[in-house]
Amino acid sequence: MSSTTEDTRYLRPPRRGVVGWLGGVLWDVRARLSALREGGRDLLERPLTPYYLLVGASALLLTIGVIMVASASSVYAYKYYGGDSYAIVKKQIMWLAIGLPAAFVASRLSIGFLKKASVWAYGGSCLLLLLTVFFGVTVNGNRNWLPLGPFIIQPAELAKLALILWAATVYSRKERHLGTMHHVFMPVGLGAAVAIVLVLAGRDLGTALVFFAITLGLLWVVGAPGRLFLGSISGVAVLALLLVRIDPERMTRLMSFVDPFSEYLGSGWQPAHGLYALASGGVLGEGIGHSIQKWGDLPEAHTDFIFAVLGEELGLIGTLLVISLFVIIAWAALRVATTAVDPFVRYATFGIVVWLIGQAMINIGMVLALLPVIGIPLPLVSYGGSSLVPTLVGLGLVIGFARRDPDAAAALRARRAARRGGTPDPQH
């Protein structure tokens with residue numbers, strides 16, 4: 001074919017009358033959509049796209065989170081903090097001031113340092129979980145808070161990230177031996193079981209299930225056989241139902257999520273008012289600050305059920321935006337994981353994706369009354385430093401992995417050279 005031959009996809013047929021004119025318009029629309037599709041595909045395939053998507057989506061979720069914490073907590077803070085409606089959002093901003101520099105530092109840490117520190121981090125987090133069992137503070141029936149001087153933390157949130165990094169370190173060193181069940185399960189399965197047992201000792205079934213989901217995700221990415229998942233899920237389901245059956249509070253929560261309004265004045269109060277909040281928001285929402293449910297009807301409005309207030313104030317548009325941002329983070333992180341050469345980067349990134357996206361799905365399902373209320377915060381949005389800081393560190397690690405991708409690093413060097421007016425290295 002001659003080099004001057006035009007692409008027939010973008011040649012508009014001759015116009016003849018109204019029908020011809022309408023056909024020409026439709027052809028133009030089709031051609032423009034095709035060009036946009038190709039341009040979008042080219043943009044997504046660029047090496048720096050995951051890096052920018054991770055930074056942009058995380059920043060937007062943090063911004064939405066601060067706004068919603070300020071709104072959802074205002075009534076509660078005014079009542080319990082001496083008339084200061086901004087007391088809780090000030091604390092959230094303080095945790096942001098700690099978490100963002102920590103995320104920046106994490107993005108610059110070398111893989112070698114992470115591997116060495118992961119063993120100590122996981123051992124230390126398990127020690128904190130053990131201390132929580134004996135010296136922890138009970139909140140809402142769960143002993144999962146540990147006082148440390150002026151702060152009170154949830155060690156389980158630290159242990160989630162530590163487990164992922166430690167498991168990634170173990171699997172990266174045993175890469176050649178992961179074809180056997182023994183190397184797949186040991187010692188990661190045993191180490192995860194220790195954390196799960198310690199969390200269950202504090203009666204926190206919801207967090208224990210998150211640990212289990214993270215462990216299953218890691219086992220899946222290293223190629224564990226399907227029969228292991230079937231057996232594990234079946235065993236955990238039986239154990240969870242047994243723990244629910246012997247605990248009246250858990251039993252009422254399990255039964256109420258099926259029909260919250262049947263237990264409206266009891267265990268169904270929280271999920272029912274969460275549904276009220278979402279329903280009253282409509283498509284566009286009532287407007288920021290105009291939530292009705294936060295005036296005492298909806299418990300944990302600024303923590304576990306902040307998605308309900310978000311839906312009430314920002315409507316369906318706001319909830320879909322938040323869900324879309326989590327999808328963007330998942331896509332970008334999985335792109336980093338699938339293109340990574342270093343197995344540690346692949347396993348750690350995938351584990352962090354399972355942790356954050358899985359927790360977001362549980363929280364949203366809980367607010368939509370599709371899952372029982374188990375006290376799981378919405379990452380990057382809900383109030384709480386114990387959840388926010390480890391989440392930011394985890395995202396910082398993934399962003400650092402995205403920057404260190406060879407093609408992305410070359411693109412960054414070329415861009416910096418172009419800004420300085422220099423000539424990029426021809427090898428890149």
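The values are calculated or read from the model by the stated rules, or taken from the named source; none is laboratory data. Quick caveat: nothing in here was measured; it's all calculated off a predicted structure. Positions of Cβ are generated from backbone atoms using ideal geometry, with glycine treated the same way; all protein chains shown enter the neighbour counts.
Counting only residues that are buried (at least 20 other Cβ atoms within 10 Å of the Cβ) and assigned to a helix (DSSP H, G or I), the stretch 197-208 holds 6 of them.
Contact map, the stretch 116-133: residues that are touching a residue at least 12 places away in the same chain (Cβ under 8 Å) and over 8 Å from ALA162 (Cβ atoms) paired with residues that are buried (at least 22 other Cβ atoms within 10 Å of the Cβ) and of a type in the set (Ser, Thr, Tyr), Cβ distance under 8 Å, separation 6+ or inter-chain. Pairs shown: VAL119/THR169.
Reported count of residues in the stretch 109-123, each being surrounded by 15 or more Cβ atoms within 10 Å (Cβ to Cβ) and under 15 Å from ALA156 (Cα atoms), is 2. Only one of the numbered conditions (1) in a helix (DSSP H, G or I); (2) in contact with a Ser or Thr (Cβ under 8 Å, 6 or more places away or on another chain) is not met by ARG143, and that is (1). Against the conditions (1) of a type in the set (Gly, Ala, Ser); (2) buried (at least 21 other Cβ atoms within 10 Å of the Cβ); (3) part of a helix (DSSP H, G or I); (4) in contact (Cβ under 8 Å) with a residue 60 or more places away in the chain, ALA360 satisfies every one except (4).
For the stretch 151-185, the set of residues classified as within 14 Å of LEU218 (Cα to Cα) and not in a helix (DSSP H, G or I) consists of LYS174, LEU178, listed by residue number. Taking the stretch 364-390 as the region of interest, how many residues are part of a helix (DSSP H, G or I) and either crowded, with 24+ Cβ neighbours inside 10 Å or touching a residue at least 60 places away in the same chain (Cβ under 8 Å) (or both)? Selection size over the stretch 364-390: 8. Within the stretch 282-300, residues that are at positive phi reach no partner that is assigned to a loop (DSSP other than H, G, I, E, B) and β-branched (Val, Ile, Thr) with beta carbons closer than 8 Å at six or more positions or on different chains. Of the residues making up the stretch 53-63, none is of a type in the set (Ser, Thr, Tyr), within 30 Å of the chain's Cα centre (by Cα), modelled with pLDDT under 95 and part of a helix (DSSP H, G or I).
Among the residues of the stretch 126-149, some residue qualifies, meaning at least one is at pLDDT below 95, of a type in the set (Gly, Ala, Ser) and buried (at least 20 other Cβ atoms within 10 Å of the Cβ). Restricting to the stretch 264-294, and then to whatever is part of a loop (DSSP other than H, G, I, E, B) and over 17 Å from ILE67 (Cα atoms), can you tell me which residue is farthest from the chain's Cα centre (by Cα)? Restricting to residues being part of a loop (DSSP other than H, G, I, E, B) and over 17 Å from ILE67 (Cα atoms), the top hit is LEU265. Evaluated against (1) at pLDDT below 90; (2) exposed (fewer than 13 other Cβ atoms within 10 Å of the Cβ); (3) of a type in the set (Gly, Ala, Ser); (4) closer than 30 Å to ASP405 by Cα, SER324 falls short on exactly one condition, (1). Checking each residue in the stretch 182-199 for being at pLDDT 85 or above and aliphatic (A, V, I, L, M) picks out MET186, VAL188, LEU190, ALA192, ALA193, VAL194, ALA195, ILE196, VAL197, LEU198, VAL199.
When the test is whether a residue is under 29 Å from TYR86 (Cα atoms), charged (D, E, K, R), modelled with pLDDT of 80 or more and in contact with an Asp or Glu (Cβ under 6 Å, 6 or more places away or on another chain), GLU286 passes it.
Go through ALA103, ALA77, ALA70 for me and flag whichever is farther than 28 Å from GLN293 by Cβ and touching a helix residue (DSSP H, G or I) at 6+ places or on another chain (Cβ under 7 Å).
None of the other options fit; the residue is ALA103.
Taken across the stretch 314-331, residues that are assigned to a helix (DSSP H, G or I) and farther than 30 Å from LEU298 by Cβ do occur, with at least one present. From the list ALA417, ALA337, the lone residue that is part of a helix (DSSP H, G or I), out of contact with any Phe, Trp or Tyr (no Cβ under 6 Å at 6 or more places or on another chain), at negative phi and at pLDDT below 95 is ALA417.
The conditions of being more than 14 Å from the chain's Cα centre (by Cα), within 25 Å of LYS115 (Cβ to Cβ) and not aliphatic (A, V, I, L, M) are met by THR338.
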